[in-house]
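Colleague: Here you go, one structure.
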Amino acid sequence: MLHLIPRPLKAEELSGKCRLPEAVAVNSPFEEWSLSAFSERIKRPLTDGEWLTVTKDPALPEEEYRLHIRPEGITVTASSETGVIRALTTAAELCEEDLFPCCLIEDEPKYAHRGLHFDCSRHYFPVEEVKRVIEEISLCKMNVLHWHLTDDQGWRIESKKYPLLHETSGKWYTHDEIRDIVEFARLRGIEVVPEIDMPGHMTALLAAYPQYSCTGEKVSVGKRSGIYPIILCGGNEEIFPFLEEILCEVIPLFPSERFHIGGDEAPKSRWKKCPKCAVKMKELGLTAYEDLQGTFTARINDILKKHGKTAVCWHETLKAKNCPENIQIQHWTPMCAKQTKAYADEKKGKWIYSNTLGTYLDYPHSVTSLKKIYHTQPIFDKVSYAGDENLLGFECCIWTEHVPDRERLETRVFPRAQALAEAAWSGAGDYEDFRCRLKKTMQHSLHRDIFYTPEDWWDPRGFAAFKEAFRYFVTMNRALFAK
């Protein structure tokens, strides 16, 4: 049995083994960088030759591949560097003690977007940990790291033009560190989509530059979780050139065609008392404050479009009647299911599924078990949208308000990320078969540097599970209402 996560579309085991040589002789028409992660994983240098033969078939979709392992060597067929990376990731997972099982695999993903949202604002994680997470999700063929870099509790992107942004927050990633992480991800077939959440979740920015709130009052970087009432002013025209200068600094660091601008949890209480917001509402003929946010979103979207970027927003953005139509929407809570459904049905808009209780990894296993994530489905009004042509795919999320260190992070994310990865790549199958393959995968040398949740807590039940869930929600609620 081939113990692979995710499960390949077609796999045939053949007789015999293939031994890994001391140096891998390669013949490939693709860019050499597509082989670098494989070389690192098998700990072998690359030379010219034909032990590993890579051929190009332009008719294949970008991520589809064919992998044929014979006693004398390996053949890969793909149409792109990404397809080569996926094939060689499978090969690396099959290699144990320098031996590959002979096999023939044909494989391709069900969904184009298979991601992990990683919050490094609430708690900062060092470069080596970000890379460790990227490596682990790339091994299960996820292809997106949605990197949440700013929030109430911290601005983690160095700004050379506005250094108070990162200096006020205390820890940050330099431009060189960001470039290094993005390149590390690229070599593993991972697209890094940055997020700067706006107009809400902006306390860290306002702690440095308070003049961009409605009142200009002095605030401190957030120390608790929850929704903060002070947000960017919806009527201050000076905000847009300021934000454009910030975006012009950040955009070149990320080659992705997408840029996430948040849009969630933006309370309008200050806007309703703000003279500038009132003037702007009257000027635009608006009667709803959600539409003032729609105008804000459209302005930021126009800035991104000038730089060839597509905006991605959390689905609260859809509450605005004037929400831009050319954005991608990320669905996360049943409270906005109506809006997401309408966006998919009526606007034919592109969207990503990240429903809270089906994909949120900051929740403990007693709330969101491995099995629950494995079988998660996008359902609105009791109708499955798994086959919707505008559904880009699935993304699991790790928010880090209550995730302060590496071990807590990794045991929250893994192996539940593998469950979502299989659901998004091949579709959920037999859960017991998945568990069996997962146990074997975790023993592979490629995964030995990761803290996994122990098997006996993947699907907890009984009083111990109740106790964990109760403690989690008590802690979360205390933090929400702390001063």
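Colleague: I need THR441, THR55 ordered by Cβ neighbour count within 10 Å, fewest first.
Modeller: Lowest count first: THR55, THR441.
Colleague: Right, next: Alpha carbon centre of the stretch 1-25 versus the stretch 415-472: separation in Å?
Modeller: The stretch 1-25 and the stretch 415-472 have Cα centres separated by 23 Å.
Colleague: Something else: With a 10 Å Cβ neighbour count serving as the proxy for reagent exposure, in which order, fewest first, do MET281, MET476, MET202, MET142 appear?
Modeller: By the 10 Å Cβ count, ascending: MET476, MET281, MET202, MET142.
Colleague: In sequence order, what are the phi-derived ³J(HN,Hα) couplings for the stretch 400-407 according to the Karplus relation 6.51 cos²θ - 1.76 cosθ + 1.60 with θ = phi - 60°, rounded to whole Hz, with x for glycine and proline?
Modeller: Ordered by residue, 3J(HN,Hα) equals 10, 3, 10, 10, x, 8, 4, 5 Hz.
Colleague: Remind me, relative contact order of the stretch 113-480 in percent, using alpha carbon pairs under 8 angstrom and six or more residues apart?
Modeller: 16 percent
Colleague: Starting from the Cα of LYS306, move 7 Å in the Cα-to-Cβ direction to define the label point; list residues of the stretch 228-249 whose amide nitrogen is under 13 Å from there.
Modeller: What the label zone holds, given the 13 Å backbone N cut-off, is 240-249.
Colleague: Something else now. Tabulate in residue order the Karplus-calculated ³J(HN,Hα) for the stretch 183-198, using 6.51 cos²θ - 1.76 cosθ + 1.60 with θ = phi - 60°, rounded to whole Hz; enter x for Gly and Pro.
Modeller: Per residue, the Karplus-derived 3J(HN,Hα) values read 5, 4, 5, 4, 5, 10, x, 10, 8, 9, 9, x, 10, 10, 6, 7 Hz.
Colleague: Less than 14 Å Cβ to Cβ from GLY83, Lys/Arg counted +1 and Asp/Glu -1: what total charge do the surrounding residues give?
Modeller: -4
Colleague: When Lys and Arg each count +1 and Asp and Glu each count -1, what net charge do the other residues less than 11 Å away from VAL193, Cβ to Cβ, add up to?
Modeller: Its environment carries a net charge of -2.
Colleague: Under the 0.36 nm per residue contour assumption, what length would be gained going from the current alpha-carbon distance of LEU99 and ALA25 to full extension?
Modeller: Computed gain between LEU99 and ALA25 is 25.0 nm.
Colleague: Rounded to the nearest 5, what % of the DSSP beta bridges within the chain are antiparallel ones?
Modeller: Roughly 35 percent of the DSSP beta bridges within the chain come out antiparallel.
Colleague: Which distance in nm do the two modelled labels at LYS338 and LYS321 give, with both placed 7 Å along the Cα-to-Cβ direction?
Modeller: 1.5 nm
Colleague: If amide H atoms are built 1.01 Å from N in the plane of the peptide, which residues on other chains or at least 5 residues away come under 5 Å of the amide H of CYS397?
Modeller: Correct list: HIS117, TYR360, LEU361.
Colleague: Ok, one more. Among SER384, ASN477, ILE5, whose Cα sits farthest toward the positive end of the charge dipole of the chain (+1 at Cβ of Lys/Arg, -1 at Cβ of Asp/Glu, about the Cα centre)?
Modeller: Going by the Cα projections, it comes out as ASN477.
Colleague: So between PHE466 and ALA288, what do we pick up on full extension, going 0.36 nm a residue minus the alpha carbon distance?
Modeller: The PHE466-ALA288 span can extend by a further 59.9 nm.
Colleague: What is the fewest-to-most order of VAL219, VAL127 by other Cβ atoms lying within 10 Å of their Cβ?
Modeller: VAL127, VAL219
Colleague: How large is the dipole of the stretch 171-290 about the Cα centre if only Lys and Arg carry +1 and Asp and Glu carry -1, each at its Cβ, rounded to the nearest 20 debye?
Modeller: Here the stretch 171-290 has a charge dipole of around 700 debye.
Colleague: Give me the one-decimal nm value for the distance between modelled label points at ASP405 and TRP51, 7 Å along each residue's Cα-to-Cβ direction.
Modeller: 4.2 nm
Colleague: Write down the percent of antiparallel bridges among all DSSP beta bridges whose residues are both part of the stretch 10-107, to the nearest 5.
Modeller: 65 percent
Colleague: Treat each spin label as a single point 7 Å out from the Cα along the C-beta direction, and report the PHE240 to ASN390 distance in nm.
Modeller: If labels sit at PHE240 and ASN390, their model points lie 2.6 nm apart.
Colleague: Still on this structure, please answer the following. Could you go through the stretch 114-121 in sequence order and give the Karplus-derived ³J(HN,Hα) for each residue, using 6.51 cos²θ - 1.76 cosθ + 1.60 with θ = phi - 60°, rounded to whole Hz, and x for Gly and Pro?
Modeller: With the stated coefficients, the stretch 114-121 comes to 9, x, 10, 8, 10, 8, 10, 8 Hz.
Colleague: Given charges of +1 on the Cβ of Lys and Arg and -1 on the Cβ of Asp and Glu, with all other atoms neutral, how large is the dipole of the chain about its Cα centre, in debye to the nearest 20?
Modeller: Charge dipole, the chain, about its Cα centre: 1820 debye, nearest 20.
Since every read-out is calculated from the coordinates, none of them should be taken as a lab result. Bear in mind the structure is a predicted one, so any value in this text is a computation, not a measurement. FYI the Cβ positions are ideal-geometry reconstructions off the backbone, even for glycines, and counts take in every protein chain you see.
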